[in-house]
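To start, the structure itself, in structure tokens.
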Amino acid sequence: MAKHPTVIDFQTAESLLKNSTELYTLEVEMKALAKDAILYKKIGKERAYQETIERSKVIEAQLNDEPILIDYRRKLTAVTELLQYLLQNLETQINEELHREN
């Protein structure tokens, strides 16, 4: 399976994403802002919560427009579908074998 073109394409896209320090930095910042926003919400700091959420959404929008991230998500979907297909086939084969034994 590791040599399947879909898997290879995904691994390539994943490497490109991981090697993009700018995208990684933005992702870390977005996650930190989201975490801060939750804290502000819990302690009743509504204005700080709103400002933090807005900054987080701006970064999320930036990330969503990045070609590397778009490509990664597309290839992640493809590899996930491949994995689901293989698991369903495996499950079917196991069930058929179990029914033959009974």
Tally of residues being within 28 Å of Ile8 (Cα to Cα) and in contact (Cβ under 8 Å) with a residue 24 or more places away in the chain across segment 45-73 | 8
Could you list, in sequence order, the residues of segment 55-81 that are assigned to a helix (DSSP H, G or I) and charged (D, E, K, R)?
-> Arg55, Lys57, Glu60, Asp71, Arg73, Arg74, Lys75, Glu81
State which residue pairs qualify: first residue hydroxyl-bearing (Ser, Thr, Tyr) and inside segment 30-44, second residue loosely packed, with under 15 Cβ neighbours inside 10 Å and in a helix (DSSP H, G or I) in any location, beta carbons under 8 Å apart, and separation of 6 or more residues or different chains.
-> Tyr40/Glu46
What number of residues within segment 49-102 satisfy the criterion of being over 29 Å from Leu23 (Cα atoms), charged (D, E, K, R) and under 20 Å from the mean Cα position of the chain (by Cα)?
-> 0
The lone condition Ala13 fails out of (1) assigned to a helix (DSSP H, G or I); (2) surrounded by fewer than 13 Cβ atoms within 10 Å (Cβ to Cβ) is (2)
Mind listing whichever residues of segment 43-56 are out of contact with any Asp or Glu (no Cβ under 8 Å at 6 or more places or on another chain), surrounded by 15 or more Cβ atoms within 10 Å (Cβ to Cβ) and not small (Gly, Ala, Ser)?
-> Lys45, Tyr49, Glu51, Ile53, Arg55
Quick check, is Glu29 under 30 Å from Ile8 (Cα atoms), in contact with a helix residue (DSSP H, G or I) (Cβ under 7 Å, 6 or more places away or on another chain) and surrounded by 15 or more Cβ atoms within 10 Å (Cβ to Cβ)?
-> no
Filtered residues of segment 35-54 (kept if of a type in the set (A, V, I, L, M, F, W, C) and in a helix (DSSP H, G or I)) | Ala37, Ile38, Leu39, Ala48, Ile53
Would you point out the residue of segment 60-82, among those that are hydrophobic (A, V, I, L, M, F, W, C) and closer than 28 Å to Leu26 by Cβ, that is surrounded by the fewest Cβ atoms within 10 Å (Cβ to Cβ)?
-> Ala61
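Every number in this text was worked out from the coordinates using simple rules, so none of it is lab data. Quick caveat: nothing in here was measured; it's all calculated off a predicted structure. So basically every Cβ, Gly included, is an ideal-geometry build from the backbone, and we count neighbours across all protein chains shown.
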